[in-house]
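Input: a single structure, listed below in structure tokens.
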Amino acid sequence: MARTARAYTNIALIKYWGKKDKALKLPWTSSLSLTLDKFYTDTKSTIIDNDHDVVYLNDELLDDSSSLRIRNYLDVVRKMYGFNDHLQINSTNHVPLSAGFASSASGFAALAASVNETMNLNLSNKEISILARNGSGSATRSIYGGFVEWIAGNSNETSFAEPIDENPDIDIVLLSVVISEAEKSISSTKGMELSVKTSPFYSNWSTLVASEIIKIKQAIANKDLQQIGEIAEHNALSMHALTLSAQPPYTYFAPETIRIIQIVKTLRQQGFLAYVTIDAGPNVKIICSKQSVKAVKDYLDKNVQNVSTFEAHIGKGIQYF
Ligand code: DP6
């Protein structure tokens, strides 16, 4: 019996924002993330005697349109590894929309690992990372725990993640501040395409990412959380500058997003370690230390209405059971 694969979500500290190959999901730049312990997807797959794949999410059978992205992905996997079998996929998502995280990273990482198990493909973690990338870019990194780099590469074989430090002894806590659970109006896939095509700053972004990856790896090696936070915040805000400078311009920020950014700045001036990072949505993730997280959370609870917070710590790579 094939085992269930579990993959955790990750938060990018240096963002992936733009593809040079849409079909293969090859990014223009490398990126770097922290795998989180709280939110994950469990996936089991079974070979079925059927002419199409069947997908269950949280025990519910998905209809054709909801399962399309997964079925198209399984077509890609069949082609890559030369098998014809169809699969039943049973996935349970422990990445609640209400926690402000997208589930495609843990979802496609768990799916890739699960298909490897069921089809006895005997893939290395590097190859599972490549397989996950074909489902969703951010999934490439969820194969490993701790700090992970996705090396951009320039072909299917050369674009994969590598662990930087799977068990870092760094005092980092991520506080997710949930402003809205609504679906984002522009998907990350569409948003990044618009930024690449139309933002006059896109070439500067590539240069910036190259230098910030070097700097943040040094900060990780030095266990310098303040430096990690400073670089991550600057990188995230620079990514969002690519949305505002696109044509037509767009933004993922809600008014509350800006408010939280300002609050974090104020807390920092009061001496608390806190830096923001923001993905393709209005929710803000605050990089804190074990020491600062309580004060940051208390301040938000007291001063901002209608937001909830979730705490996450350093998570592991793919697990099987
Ligand atoms: C802002 O991985 O969701 O979270 O490859 O098109 O599926 P696709 O995009 P996706 O984009 C993630 C964008 C991001 C930054 C990041 O995680 O690096």
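Overview of values
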read-out	value
Order by protection proxy (mean Cβ within 10 Å, highest first), peptides 297-309, 264-276	264-276, 297-309
Mean separation of Cα contacts under 8 Å (6+ apart) over length of segment 121-166, as relative contact order %	36 percent
Cα-projected label distance for Glu311 with Val76, points at 7 Å along beta-carbon direction, nm	3.7 nm
Mean shadow area of segment 173-312, taken as a quarter of the surface of its Cα convex hull (nm²)	8.6 nm²
Over segment 5-168, volume per residue of the alpha carbon convex hull, in Å³	109 Å³
Kirkwood-based shape ratio for the chain, expressed as Rg/Rh from alpha carbons	0.96
Percent RCO, i.e. relative contact order, over segment 63-216, from Cα pairs under 8 Å lying at least 6 residues apart	17 percent
Charge dipole (segment 173-312, unit charges on Cβ, about Cα centre) - positive-most of Asn222, Pro255, Leu174	Asn222
Rounded accessible area per residue of the chain, 1.4 Å, Å²	44 Å²
Part-to-part distance (alpha-carbon centres) for segment 289-308 and segment 210-271, which is given in Å	18 Å
Student exercise, segment 173-312 dipole from Lys, Arg, Asp, Glu Cβ charges, in Debye to nearest 20	240 debye
Selection of GluC sites (Glu not before Pro), segment 156-193, meeting DSSP coil and at most 11 other Cβ within 10 Å	Glu157, Glu183
Among 146-156, 243-253, the order from most to least packed when residues are scored by Cβ within 10 Å on average	146-156, 243-253
The chain: relative contact order as a whole-number percent, Cα under 8 Å and 6+ apart	24 percent
Difference of contour (0.36 nm per residue) and Cα-Cα distance, Ile214 to Arg3	72.2 nm
Burial ranking of peptide ranges 63-74, 284-295, 205-216 (average Cβ count within 10 Å, highest at the top)	284-295, 205-216, 63-74
Positive-pole candidate from Ile89, Ser67, Ser104, dipole of segment 1-114, charges at beta carbon	Ser104
Within the accessible area of the chain (1.4 Å probe), percent carbon and sulfur	50 percent
Estimated Rh, segment 2-54: Kirkwood, alpha-carbon pairs, angstrom	14.2 Å
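The values are calculated or read from the model by the stated rules, or taken from the named source; none is laboratory data. Everything numeric here is computed off the predicted structure, so don't read it as measured data. Because the Cβ atoms are built from the backbone with ideal geometry, glycine has one as well, and the counts that use them run over all protein chains shown. Protein only, heavy atoms only, side chains kept; ligands, DNA and RNA dropped before computing areas. Shrake-Rupley method; radii C 1.70, N 1.55, O 1.52, S 1.80 Å.
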